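*Asks:* Can you read through this structure? Questions will come right after.
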Amino acid sequence: MASSNELLRVAAFCLSALLDACSVPVSEIITVEETDVQGKHHASGKWQKMENPYAFTVHCVKRARHHRWKCAQVTFWCADEQLCHLWLQTLRELLEKLTSRPKHLLVFINPFGGKRRGKQIYEKKVAPLFTLASVTADIIVTEHANQAKDTIYEINIDKYDGIVCVGGDGTFSEVLHGLIGRTQRSAGIDQNHPRAVLAPSTLRIGIIPAGTEAWGGAAVRSSRCGHPVI
């Protein structure tokens with residue numbers, strides 16, 4: 001019987017080959033989870049020859065046309081329970097090392113923009129993805145104009161890894177200007193001075209389009225905040 005170290009080396013080797021073959025960077029893996037094989041039936045597959053198969057599922061993003069990403073799931077089967085668990089452990093350890101991945105976000109939802117589908121889009125599309133990726137969020141559903149901007153000025157934003165706006169260009173504008181203003185105030189900079197050198201923000205902004213127009217939020221860069229907005 002192989003030792004734990006030998007199995008770990010096999011798992012690491014197979015994992016490297018897997019990622020290379022599938023062309024999935026670790027940064028694009030959302031999460032991995034053990035899969036319950038009880039009651040699973042498929043038309044074909046070598047796993048069916050295994051007496052007691054074990055499996056885990058990789059949730060990742062798949063690059064589609066027009067710079068769009070879609071969620072994808074791939075399930076891998078293994079005849080050895082210990083090896084399967086080592087695969088899970090190795091992948092989870094790699095994901096933990098991704099320091100750029102957010103853990104806690106502030107989310108502003110504009111329920112009035114567009115076809116009033118902001119809350120529906122967040123609840124059905126975004127929230128499940130955050131849960132899958134173990135990302136927690138404080139949610140504020142805006143009730144009036146400039147609420148997002150004013151809130152950013154008032155609350156402690158240091159506890160967040162980023163700010164997400166669900167709405168149209170107006171919601172994004174509020175969040176952007178609020179973040180710029182709050183950052184300059186904290187740095188003691190007069191942002192209205194014509195020669196002011198603005199301080200960059202460490203917070204990133206995420207955009208979930210839910211406004212009237214299909215505006216260009218997919219490739220926005222703020223020279224003031226200094227970070228790409230995706």
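*Asks:* So V164 passes all but one of these: (1) closer than 30 Å to L94 by Cβ; (2) open to solvent by 20 Å² or more (accessible area, probe 1.4 Å); (3) of a type in the set (V, I, T). Which condition number does it fail?
*Replies:* Going through the list (1) closer than 30 Å to L94 by Cβ; (2) open to solvent by 20 Å² or more (accessible area, probe 1.4 Å); (3) of a type in the set (V, I, T), V164 breaks only (2).
*Asks:* Of the residues Q48, Q38, which is modelled with pLDDT under 65, open to solvent by 90 Å² or more (accessible area, probe 1.4 Å) and outside any strand (DSSP E or B)?
*Replies:* None of the others qualify; the one that does is Q48.
*Asks:* Select from the range 178-230 the residues that are among the hydroxyl-bearing types (S, T, Y) and at pLDDT 85 or above and write down the one among them that is least open to solvent (accessible area, probe 1.4 Å).
*Replies:* S201
The values are calculated or read from the model by the stated rules, or taken from the named source; none is laboratory data. Just so it is clear, the structure is predicted and the values come from calculations on it, not from any experiment. Glycine also receives a Cβ, built like all others from the backbone with ideal geometry; neighbour counts cover every protein chain displayed. SASA here: full protein model, heavy atoms, side chains in, ligands and nucleic acids out. Shrake-Rupley method; radii C 1.70, N 1.55, O 1.52, S 1.80 Å.
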